[in-house]
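To start, the structure itself, in structure tokens.
The values are calculated or read from the model by the stated rules, or taken from the named source; none is laboratory data. Here the structure is a predicted model, which means the values were calculated and not measured. Cβ: placed from backbone, ideal geometry, glycine included. Neighbour counts: every protein chain shown.
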Amino acid sequence: MILNKNDKYSRYSLYAIIIFSLIVLSLTAVYHVSGDGCWHMQAAKFMADNRKLPLFEPIGRNEPFWSPPFYHLIAAAVFSIFSENAAYFLSKFLSPLFGIGSLIVLFLLVKKLYSPKIAFYSVIFLASIPIFMDYGILSYVEAMLVFFVILSVYLCITEKLWLCGIAAGLASFTKYNGLFIIPVLVYIRFRKSKMTKKFLIESAKIIVPVIIAAGPWLIRNWIYLGNPVWPFMNSVFSGYSAPSYEGTGVTTSFNIGNLFHPNALIYAYLGFFGVPDGNYKLLNFFNLPYMGILIPIWLICTMIFILPVFFGIGKGKTKNGFLSVWIASYFVLLVLYVANASWSVSRIILPAVPVLAVLWAVGFDRIQKKTNVSWVVAALIIAGFVFTIFLKVTMAANSWDFYRDDFSWVIKNIPKDAVFIANGQCIPYNIRKTSMQISQNSIETADYLWMNQKFALDKRSIYNEQEMELLNQKNLNLAYRNDKTGTFVYSIEH
């Protein structure tokens, strides 16, 4: 139980979780699904409508459906139970629910390992760091993944090994990188039982449920896509080559040089503090006055906020030895991902952020004992983080709201079973229609075409010169036009 009337830090933790809950739930209510969330939700809607898992069906990307589908299955249940409009709204709340659950389990874990005070400080860090707040709102799989990762560690520490294995299995069935918590769990049991028969039995109790939960999906991807962890490490497995990944680096050979590029550190750092995928070029999205002053102030605040982590390193070694393995396991993942895919690694190693929370808590406790000013500084910085995320979510929601009339017209006036040509992953989600990427084949079979050559919210939806040449070969009849937004909808003659 979190609440303990005789323990003020347990009460403080409860208050912190309630405040976090109010923030993410209120922001989720106004948040407009975007980015990869569009793809995840379209997959869930497909599962609900067709009672099967997608593979090569058009659900917003020019690639097969490869993601471990536990998140999508739960979202599909929401679409199956509720009316369409209600389901589109309620499905957004999966991430905040698992984000809240992550804080609760983190408190229980750290309280058992350290003390209620360190547990409270850990909750403060995790609830405040922008990357966790972001993914506690966005319709991505990360919040669910982090919940099951922390839960698996807690259950391992508390000797509930079968349940631990189930939690680790569900983490791996949510996203591939859930598999990287397994070495941590096995190490915890090794420290307890050493290399004995008991250790082997305990390890089996953890690993077998993971194999049962995640194994079939990895085998499925290996059979259909030639790579169990498609699209990653495709150069090793020589798996299926999708147009959407051509030229991105995901399917090419390893580039060790990526690890030594400044962007490897810059992208990771900025990603932890709320810049989408750590891409500093996206800072231009805000286009606010005084950005030349605000950005340096923001960077200084992030550096001050992260400072206690360094004060926490090396403290409480007897208790946090497995935390080093936790960090090491996800550092291996970081190396593999940066060398094989991209510098946008912060989301990939998000399951290791609870370790930073513990280190920050230990370090902050040391600092706080020397000066009470630390609380004032931390509170001001956290308030700034919260203000920033409110700004990001509301600005993004307003940007999407600009196109509301366009989306609504398509939903209301075009037959539900009509097939569109619409590049990108978010136009199909918003018009709620089966949509294919433009190609010679899709032009011959689709019923309608969405076009907006100024659509900055998903630039992949903008047609290039070669695609426009394909369109010029067909007879297109204008069905809808909005000069304000630059949106056109055409029917396609066959």
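Taking the conditions exactly as written (within 29 Å of the chain's Cα centre (by Cα) and closer than 23 Å to Asn50 by Cα), does Ile421 satisfy them or not? The answer is yes for Ile421. Could you check, for region 62-70, whether at least one of its residues is touching a Ser or Thr at 6+ places or on another chain (Cβ under 7 Å), crowded, with 23+ Cβ neighbours inside 10 Å and aromatic (Phe, Trp, Tyr)? Yes, some residue in region 62-70 is touching a Ser or Thr at 6+ places or on another chain (Cβ under 7 Å), crowded, with 23+ Cβ neighbours inside 10 Å and aromatic (Phe, Trp, Tyr).
Which residue is farthest from Ile23 (Cα to Cα), if the candidates are limited to region 371-388 and must be among the β-branched types (Val, Ile, Thr) and without any contact (Cβ under 8 Å) to a residue 24 or more places away in the chain? Once the filter is applied, the top-ranked residue is Thr371.
Whether any residue in region 200-207 is buried (at least 16 other Cβ atoms within 10 Å of the Cβ), closer than 23 Å to Val335 by Cα and in contact (Cβ under 8 Å) with a residue 40 or more places away in the chain is what I want to check. Within region 200-207 (the criterion being buried (at least 16 other Cβ atoms within 10 Å of the Cβ), closer than 23 Å to Val335 by Cα and in contact (Cβ under 8 Å) with a residue 40 or more places away in the chain), the answer is no, since none of the residues qualifies. Just one of the numbered conditions (1) more than 23 Å from Trp375 (Cβ to Cβ); (2) at pLDDT below 95 is not true of Tyr114: (1).
Just one of the listed residues (Ser80, Ser102, Ser67, Ser139) is assigned by TED's automatic domain parsing to the domain that holds Val275 and touching a Gly at 6+ places or on another chain (Cβ under 7 Å), and it is Ser139.
Within region 51-74, does at least one residue satisfy the condition of being outside any loop (DSSP other than H, G, I, E, B) and of a type in the set (Gly, Ala, Ser)? So far as region 51-74 goes, no, none of its residues is outside any loop (DSSP other than H, G, I, E, B) and of a type in the set (Gly, Ala, Ser). In the set (1) closer than 24 Å to Gly35 by Cβ; (2) part of a helix (DSSP H, G or I); (3) not assigned by TED's automatic domain parsing to the domain that holds Ile300; (4) not acidic (Asp, Glu), the condition left unmet by Asn423 is number (2). With respect to the conditions (1) surrounded by fewer than 20 Cβ atoms within 10 Å (Cβ to Cβ); (2) under 18 Å from Pro68 (Cβ atoms), Trp162 falls short on a single one, namely (2).
Every test in (1) in contact with a helix residue (DSSP H, G or I) (Cβ under 9 Å, 6 or more places away or on another chain); (2) in contact (Cβ under 8 Å) with a residue 12 or more places away in the chain; (3) surrounded by fewer than 21 Cβ atoms within 10 Å (Cβ to Cβ) is passed by Lys484 save one, and that test is (2).
Residue-by-condition table, conditions (1) surrounded by 22 or more Cβ atoms within 10 Å (Cβ to Cβ); (2) under 27 Å from the mean Cα position of the chain (by Cα); (3) in a loop (DSSP other than H, G, I, E, B):
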residue	(1), (2), (3)
Ser342	no, yes, yes
Ser374	no, no, no
Ile382	no, yes, no
Leu391	no, yes, no
Asn430	yes, yes, no
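Restricting attention to region 443-460, the residues being surrounded by 21 or more Cβ atoms within 10 Å (Cβ to Cβ), polar (S, T, N, Q) and not in a loop (DSSP other than H, G, I, E, B) number 0.
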